[in-house]
1. Whole Å is fine, so just give me how far the alpha carbon centre of the range 207-229 lies from that of the range 128-192.
2. From the phi angles alone, apply the Karplus equation (6.51, -1.76, 1.60; θ = phi - 60°) to the range 180-185 and give each ³J(HN,Hα) in whole Hz, x where the residue is Gly or Pro.
3. For the range 151-239, what is the Kirkwood hydrodynamic radius in Å, using each pair of distinct C-alpha atoms?
4. How large is the Rg to Rh ratio of the chain when both quantities use alpha carbon positions and Rh follows Kirkwood?
5. Identify the GluC sites (Glu not before Pro) of the range 102-134 meeting these criteria: DSSP loop state and at most 10 other C-beta atoms within 10 Å of the C-beta.
6. To the nearest µm²/s, what D does Stokes-Einstein give for the range 110-200 at 4 °C and 1.567 mPa s, using the Kirkwood radius over alpha carbon pairs as Rh?
Amino acid sequence: MGDLYYFFWENFLSFRGGAETGAGFSGKLSSEKRGWRHIMEKGSVLITGASSGFGEACARWYAKRGYPLILAARRRDRLEALAEKLDTPVFLMCLDVRERIAVKEALECIPEGFSGVEILINNAGLALGLAPAAEADLDDWETMVDTNIKGLMYLTRGLLPGMVERRRGHIVNMGSVAGSWPYPGGNAYGATKAFVEQFSRNLRCDVLGKGIRITNIAPGMAETEFSLVRFKGQADKAAETYQGVEALSAEDIAEIVGWVTTLPQHVNINHLEVMPTQQAWGPFAVSRDV
């Protein structure tokens, strides 16, 4: 396991292998002192929603290739268990991306060796419910907006100035085919992912000429905890989603994310939509009840 640092939003901040403090991060060690010269040469990768699914798989992919990682998620135990298995320096940020102040504080506390974030993977997101719009839970809608849209904006706005200053960086926004193609019950979730898609395009315009790359990845059916979260822990219902289908895996998406971010600097993948071979678009729906 590599060296491990922590940020916890519950007014607790510490790092393993050095001093502890409850008032801010202390003990920032230079790469020379810790033999981490490669960290300064290879920028860090910040992944939100890193405790499971696409985020966890991406963490494993980059760790195998020697990238220092900044892993953000709400579940501290899952983050710690993952970090124990990664042979690379890791900074853990235990926070909820919906909390604007928490995100700001976390980014300000990134240790010196990790602070040159080269790749941001805005992966934190979720779908809640599959009810028609007239019956949907407004709390679910707000949670999806706060996580899928606002959380992504907070991380992007917090890290983009540094990328602009360094004239280097890559932001990967995790969208969905639901952002382009509607389906019954996808109402607010699809709308949040449509935002991600358009926001990614607009970012490309804003950073033109600044050496920064922006990519929107839009997966189709993927077998992760996605449906378990959507159906609020109903495991049987979630399992039905993937019955008889070889869905995409988290590792499939991690391979794609890794590929787009390691292409030559002059190559930018704007939008990449991917589905399992067994998935495609359906016909138009027509109501003939007059």
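Values in this text are rule-based calculations from the coordinates and carry no lab data. What you are looking at is a predicted structure, and each value in this text was computed from that prediction instead of being measured. Here Cβ is always computed from backbone atoms with ideal geometry, including for glycine, and neighbour counts include all displayed protein chains.
1. Centre-to-centre distance over Cα atoms comes out at 10 Å.
2. 10, 10, x, 8, x, x
3. About 14.6 Å, per the Kirkwood formula over Cα pairs.
4. Rg/Rh: 0.98.
5. For GluC sites (Glu not before Pro) across the range 102-134 that sit outside H, G, I, E and B with at most 10 neighbouring Cβ atoms in 10 Å, the list is empty.
6. Rounded to a whole number, D works out at 91 µm²/s.
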